[in-house]
Amino acid sequence: MSDKGKVKEYAGPAAGWGALKSVTKSWLGSEKPVKNLRAMLKTNQNSGFDCPGCAWGESPEKGLVKFCENGAKAVNWESTGRYVGPRFFAEHSVSQLARQSDYWLEYQGRLTHPMRYDANSDHYVETTWDEAFALIAKHLQRLDSPDQAEFYTSGRASNEAAFLYQLFVRAFGTNNFPDCSNMCHEASGIGMTDTIGVGKGTVVFDDLEKADAIFVIGQNPGTNHPRMLEPLREAVERGAQVVCFNPLKERGLERFQHPQHPFEMLSNGSEPTNTAYFRPALGGDMAVMRGIAKFLLQWEREAQQAGQPAVFDHQFLQQHTVGLDDYLAQVDATSWDQIVEQSGLSLSDIQLAADMYRRAERVIMCWAMGVTQHRHSVPTVQEIANLMLLRGNVGKPGAGLSPVRGHSNVQGDRTMGIDEQPPAWLLDALEQRFAFKVPRQHGHNTVRAIQAMEDQYANVFIGLGGNFVQATPDTPRTHEAMRKCDLTVHISTKLNRSHLVTGKEALILPCLGRTEVDMQAEGPQGVTVEDTFSMVHISYGQLPPGSEHLRSEPAIIAGMAKATLGNHPIDWDNVIAHYDRIRDLIADTIPGFADFNAKLQQPGGFHLGNAASERRWNTASGKAQFKPCALPKQLINEGVTARGDKPDLILQTMRSHDQYNTTLYGLDDRYRGVFGLREVIFVNEEEIRRLGFAPGDKVDLVSLWDDGRERRVSGFMLVAYDIPAGQAAAYYPETNPLVPLDSYGERTFTPTSKFIAIKLEKAQEDNTIPSAAL
Ligand SMILES: Nc1nc2c(c(=O)[nH]1)N[C@H]1C(S)=C(S)[C@@H](COP(=O)(O)OP(=O)(O)OC[C@H]3O[C@@H](n4cnc5c(=O)[nH]c(N)nc54)[C@H](O)[C@@H]3O)O[C@H]1N2
Ligand SMILES: Nc1nc2c(c(=O)[nH]1)N[C@H]1C(S)=C(S)[C@@H](COP(=O)(O)OP(=O)(O)OC[C@H]3O[C@@H](n4cnc5c(=O)[nH]c(N)nc54)[C@H](O)[C@@H]3O)O[C@H]1N2
Ligand SMILES: [Mo]
């Protein structure tokens, strides 16, 4: 603990020895080291379980040991030797627990028993599964409309759980499916569906090995997708270009190494020359991509005049796209001044990036939250797609669009129908297969669900995994909305703050984790997931369950459904006895899953297929569609400017190295050199001084938004960091109180977590209670 509260520069490479050391620490800390080693060796193996870490996929043929630091931490965190049961809840009232930090709460261990909140004593008390299901049914049945219940999903839920959940909820009568995707890759789905006709990435793992250039935009793989470092490193070694766009100098992007190559870990990272690292303004990526397109257009015209080989892929453009002329007119109409101003890059930087793009025959563009959590994220994703279409970089080997997903099954959950705006074909298929009238009107997304609870329209909240009250924006306001509910229910593995922000009644339903054996009437069951490359595979838990009272997610959903609907529209117990029967229902209704159970026999699983990657375009025109959008007039939201005061900084909220979303494994952020604390804000040193402070000072962060509410977090330490002027970065979820609920992406409703206008004030108080404990 000697490092507590320290800030120092990280000197090592990414994912090298430092990662191993950190893995070992969390391994021993789990109190079940040997058992967990056995579990880890089974991670992502054919007969083992899918890593609960992230959605990154693997080449089925490659390598034996397929876990990374991230996965090791996730496995250990789930299979801890500490437990939270009736005794624990008898000792701690809910108000007492609410004063603990998020880190402390999850650290207490695995939930072991179904628990019911007793408002009189302010304690959770033991309950039975049957009583719990009956309480849920009672509350659901007495609603005036099924739309008064919200059914949240976090992206770890398996395909089987997700399919049963949407079936239950739609049979109950609503499409209210707020989910973590709403806060995550919503813009990728919407933007790509418009342009290329599918909302998923078009590349598979092998494409990364064939690409001449990989662009990594607004993503921090060293921390969030460590297994991606390996193909990036291989790409650099074979002379391909790796081109990064990130305002922060992320260690994991500057140097990458892999624990399975010990020799390379001895040298302190390679010094490749075929990489570039550009540092745009927050929200500047659309302007960057437009700038690259503008250079390409200029070079294309020059080539035509000089009779030189074309820059655009004319054959592809002609055969496969519509809207090129309108798009090029839009490119012409965008001024260089606006591009430079909004991108935050110099003209020569944009030219260099454009040249790297042009030189590569096969380009993959990857992106994550730095692109999707802005107001104009849909046009940004579309500009990436436009740029890729110009040179035919969609639907050929070694090229394509790759939104890198977060949660391990967030993509599969959508495929299974966790969607508040379900496509008509899905509803038709459900109606044909099952005997009920499917609700047709769109349901609530995450922001709308919070508003509905705030307005006391929605009275019941059920969460399949996740930590809703911490992951969502405007924390105090969201907590208040949640407390207005009559019933809140959380299906969870570990204690978190969402359990403590209760409705008048509340339930905690403890479930099996993915690492654990799932024994049902007809034997042990496996569940399936879909990774970011649309590979579907089956996963069997290996460890004995943390408690005999745990139930699987599908069994819990079936229990709620049976209590609420009876044996309608299916015999719920029957499908739980063997999950093959759930998969047969999926095969009947979801495209790409015909012969689902048979296909799972293939080692490594099967690919769902992606029309765009075969140059079939499921758009209205039947072709890939250029989307000409003007750059936003200004990046700052009117909700900010209406206040009249100018922001000191634009803040992005991001993940540290020791966290998985709202789950904190520890308080260190190794690559960024911060140890033992999370209430920090990274700002350029000159900027710190310009604002009248010094590094190490404690400040309050005040969010600017014109609705009369104060949004403040207190006692954050200023850390001098290599970050462009005018910008700041701090960790989520501690900074979620600063994100206004009404500040979200156009069409996506994704909170603008990467663009928050703030002012700094001298700290009013030193925050001894972590802000997360609001
Ligand atoms: N260890 C770990 N792994 C995870 C997670 C975790 O919390 N911990 N979470 C999982 C989930 S759900 C997700 S969605 C993914 C998230 O994966 P990431 O998207 O990598 O996550 P963030 O930490 O939000 O990082 C955003 C990155 O984008 C940069 N950035 C911010 N704003 C901008 C911008 O406007 N432009 C550009 N070009 N860059 C910008 C930031 O500097 C940062 O490097 O990771 C998944 N994997
Ligand atoms: N400011 C800001 N806010 C953000 C983001 C940001 O970058 N900035 N990122 C957004 C993004 S990308 C996402 S995806 C969301 C994440 O939002 P969520 O998915 O809601 O949050 P998590 O922190 O991943 O959920 C952690 C909880 O899930 C439960 N859990 C873990 N494993 C299992 C399991 O196997 N089954 C069940 N039933 N429960 C389990 C545990 O109880 C744990 O406490 O947050 C969003 N919020
Ligand atoms: Mo995410």
Looking only at the stretch 618-626, decide whether some residue is surrounded by 15 or more Cβ atoms within 10 Å (Cβ to Cβ), more than 26 Å from the chain's Cα centre (by Cα), modelled with pLDDT of 95 or more and over 29 Å from GLY291 (Cα atoms).
no
I want to confirm something. Restricting to the stretch 516-535 and keeping residues that are under 21 Å from the mean Cα position of the chain (by Cα) and surrounded by 22 or more Cβ atoms within 10 Å (Cβ to Cβ), which single residue is nearest to ligand 3 (Cβ to nearest atom)?
THR532
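If we scan the stretch 269-278, do we find a residue that is crowded, with 19+ Cβ neighbours inside 10 Å, hydroxyl-bearing (Ser, Thr, Tyr) and not in a helix (DSSP H, G or I)? Reasoning before the result, please.
Here is the first cut: in the stretch 269-278, the ones crowded, with 19+ Cβ neighbours inside 10 Å are 275, 278.
When the remaining residues are screened for being hydroxyl-bearing (Ser, Thr, Tyr), the result is 275.
Now drop any that are not not in a helix (DSSP H, G or I), which leaves 275.
Yes, some residue in the stretch 269-278 is crowded, with 19+ Cβ neighbours inside 10 Å, hydroxyl-bearing (Ser, Thr, Tyr) and not in a helix (DSSP H, G or I).
Can you tell me which of GLY503, GLY513 is part of a loop (DSSP other than H, G, I, E, B), away from ligand 1 (no atom under 16 Å from the Cβ) and either within 30 Å of GLY605 (Cα to Cα) or open to solvent by 10 Å² or more (accessible area, probe 1.4 Å) (or both)?
Working: GLY503 fails: either within 30 Å of GLY605 (Cα to Cα) or open to solvent by 10 Å² or more (accessible area, probe 1.4 Å) (or both).
Testing whether each residue is part of a loop (DSSP other than H, G, I, E, B), away from ligand 1 (no atom under 16 Å from the Cβ) and either within 30 Å of GLY605 (Cα to Cα) or open to solvent by 10 Å² or more (accessible area, probe 1.4 Å) (or both) leaves just GLY513.
On the given criteria, is VAL322 away from ligand 1 (no atom under 16 Å from the Cβ) and either of a type in the set (A, V, I, L, M, F, W, C) or open to solvent by less than 50 Å² (accessible area, probe 1.4 Å) (or both)? Explain how you work it out, then say what you get.
Numbers: away from ligand 1 (no atom under 16 Å from the Cβ): yes; either of a type in the set (A, V, I, L, M, F, W, C) or open to solvent by less than 50 Å² (accessible area, probe 1.4 Å) (or both): yes.
Criteria met by VAL322.
Do you know which of the residues in the stretch 124-142 that are of a type outside the set (D, E, K, R) and either within 16 Å of ligand 3 (Cβ to nearest atom) or open to solvent by 30 Å² or more (accessible area, probe 1.4 Å) (or both) is nearest to GLN421 (Cα to Cα)? Walk me through how you get there before you give the answer.
First, the residues of the stretch 124-142 that are of a type outside the set (D, E, K, R): 124-125, 127-129, 132-137, 139-141.
From what is left, the residues that are either within 16 Å of ligand 3 (Cβ to nearest atom) or open to solvent by 30 Å² or more (accessible area, probe 1.4 Å) (or both) are 125, 128, 134, 141.
Details: VAL125: 37, THR128: 35, ALA134: 29, GLN141: 24 Å.
Out of the qualifying residues, it is GLN141.
Conditions tested, residue by residue: (1) part of a helix (DSSP H, G or I); (2) within 30 Å of GLU237 (Cβ to Cβ); (3) in the same structural domain as ASP742 (by TED's automatic domain parsing); (4) modelled with pLDDT of 95 or more.
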site: GLN166; (1), (2), (3), (4): yes, no, no, yes
site: ASN175; (1), (2), (3), (4): no, no, no, yes
site: GLY191; (1), (2), (3), (4): yes, no, no, yes
site: VAL203; (1), (2), (3), (4): no, yes, no, yes
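What number of residues within the stretch 143-170 satisfy the criterion of being within 29 Å of MET535 (Cα to Cα), more than 16 Å from ligand 3 (Cβ to nearest atom) and touching a residue at least 60 places away in the same chain (Cβ under 8 Å)? Spell out how you get there, then give the answer.
Initially, the stretch 143-170 is screened for residues within 29 Å of MET535 (Cα to Cα), giving 151-170.
Subsequent filtering for residues that are more than 16 Å from ligand 3 (Cβ to nearest atom) retains 151, 158-161, 163-170.
This time we only want the ones that are touching a residue at least 60 places away in the same chain (Cβ under 8 Å), so: 151, 158-161, 163-168, 170.
Matching residues across the stretch 143-170 total 12.
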Going through (1) in contact (Cβ under 8 Å) with a residue 40 or more places away in the chain; (2) within 29 Å of ARG251 (Cβ to Cβ); (3) more than 29 Å from the chain's Cα centre (by Cα) one by one, VAL311 fails only at (2)
Among the residues of the stretch 358-393, count how many are closer than 23 Å to VAL236 by Cα and part of a loop (DSSP other than H, G, I, E, B).
7
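Residues are listed down the side, and each one gets a yes or a no for (1) of a type outside the set (A, V, I, L, M, F, W, C); (2) in contact (Cβ under 8 Å) with a residue 24 or more places away in the chain; (3) within 30 Å of PRO545 (Cα to Cα):
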| site | (1), (2), (3) |
| --- | --- |
| HIS444 | yes, yes, no |
| ALA449 | no, yes, no |
| GLN456 | yes, yes, no |
| VAL469 | no, yes, yes |
| HIS479 | yes, yes, no |
| CYS485 | no, yes, no |
| VAL489 | no, yes, yes |
| LEU500 | no, yes, yes |
| GLY503 | yes, yes, yes |
Based on this model, can you work out whether MET286 counts as crowded, with 24+ Cβ neighbours inside 10 Å, touching a Pro at 6+ places or on another chain (Cβ under 7 Å) and hydrophobic (A, V, I, L, M, F, W, C)?
yes
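Rundown of residues vs (1) within 17 Å of the chain's Cα centre (by Cα); (2) under 18 Å from THR748 (Cβ atoms); (3) surrounded by fewer than 23 Cβ atoms within 10 Å (Cβ to Cβ), yes/no style:
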| residue | (1), (2), (3) |
| --- | --- |
| MET388 | no, no, no |
| GLY417 | no, no, no |
| PRO422 | no, yes, yes |
| LEU426 | no, no, yes |
| GLU431 | no, no, yes |
| GLN456 | no, no, yes |
| THR472 | yes, yes, no |
| ALA481 | no, no, no |
| THR488 | no, no, no |
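Just wondering, is there one or more residues in the stretch 685-694 that are among the aromatic types (Phe, Trp, Tyr), within 22 Å of LYS8 (Cα to Cα) and in contact (Cβ under 8 Å) with a residue 60 or more places away in the chain? Steps first, answer last, please.
Within the stretch 685-694, the first condition is being among the aromatic types (Phe, Trp, Tyr), and the residues that meet it are 693.
Next, only the ones that are within 22 Å of LYS8 (Cα to Cα) stay: 693.
Then drop every residue that is not in contact (Cβ under 8 Å) with a residue 60 or more places away in the chain, which leaves 693.
There is at least one residue in the stretch 685-694 that is among the aromatic types (Phe, Trp, Tyr), within 22 Å of LYS8 (Cα to Cα) and in contact (Cβ under 8 Å) with a residue 60 or more places away in the chain.
Among the residues that make up the stretch 262-282, is at least one of them in the same structural domain as THR372 (by TED's automatic domain parsing), charged (D, E, K, R), modelled with pLDDT of 90 or more and in contact with a Leu (Cβ under 9 Å, 6 or more places away or on another chain)? Before the answer, list the steps.
Step one: of the stretch 262-282, the residues in the same structural domain as THR372 (by TED's automatic domain parsing) are 262-282.
This time we only want the ones that are charged (D, E, K, R), so: 264, 271, 279.
Those still in the list that are modelled with pLDDT of 90 or more too: 279.
Filter once more, so that each one left must be in contact with a Leu (Cβ under 9 Å, 6 or more places away or on another chain): 279.
Yes, there is a match, as at least one residue in the stretch 262-282 is in the same structural domain as THR372 (by TED's automatic domain parsing), charged (D, E, K, R), modelled with pLDDT of 90 or more and in contact with a Leu (Cβ under 9 Å, 6 or more places away or on another chain).
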For the stretch 94-112, which positions are part of a helix (DSSP H, G or I) and either under 22 Å from LEU677 (Cβ atoms) or in contact (Cβ under 8 Å) with a residue 12 or more places away in the chain (or both)?
VAL94, SER95, LEU97, ALA98, ASP102, TYR103, TRP104, LEU105, GLU106, TYR107
Could you tell me whether the stretch 569-577 includes any residue that is buried (at least 24 other Cβ atoms within 10 Å of the Cβ), closer than 18 Å to LEU464 by Cβ and in contact with a Ser or Thr (Cβ under 9 Å, 6 or more places away or on another chain)?
yes
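Got a sec? Which of SER714, SER703, SER753 is open to solvent by 10 Å² or more (accessible area, probe 1.4 Å) and closer than 23 Å to GLN451 by Cα?
Values: SER714 fails: closer than 23 Å to GLN451 by Cα; SER703 fails: open to solvent by 10 Å² or more (accessible area, probe 1.4 Å).
Matching residue, one of SER714, SER703, SER753: SER753.
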What residue, among those in the stretch 641-678 that are more than 23 Å from HIS374 (Cα to Cα), of a type in the set (Asp, Glu) and open to solvent by 10 Å² or more (accessible area, probe 1.4 Å), is farthest from ligand 2 (Cβ to nearest atom)?
ASP668
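Out of curiosity, is ALA15 at pLDDT below 60, at positive phi and open to solvent by less than 30 Å² (accessible area, probe 1.4 Å)?
Spelling it out, ALA15 is indeed at pLDDT below 60, at positive phi and open to solvent by less than 30 Å² (accessible area, probe 1.4 Å).
The values are calculated or read from the model by the stated rules, or taken from the named source; none is laboratory data. In this text, all values refer to a predicted model and were calculated from it rather than measured experimentally. Cβ coordinates were reconstructed from backbone atoms using ideal geometry, including for glycine residues, and neighbour counts include every protein chain displayed. Surface areas here come from the heavy atoms of the whole protein model, side chains and all, with no ligands, DNA or RNA. Shrake-Rupley method; radii C 1.70, N 1.55, O 1.52, S 1.80 Å.
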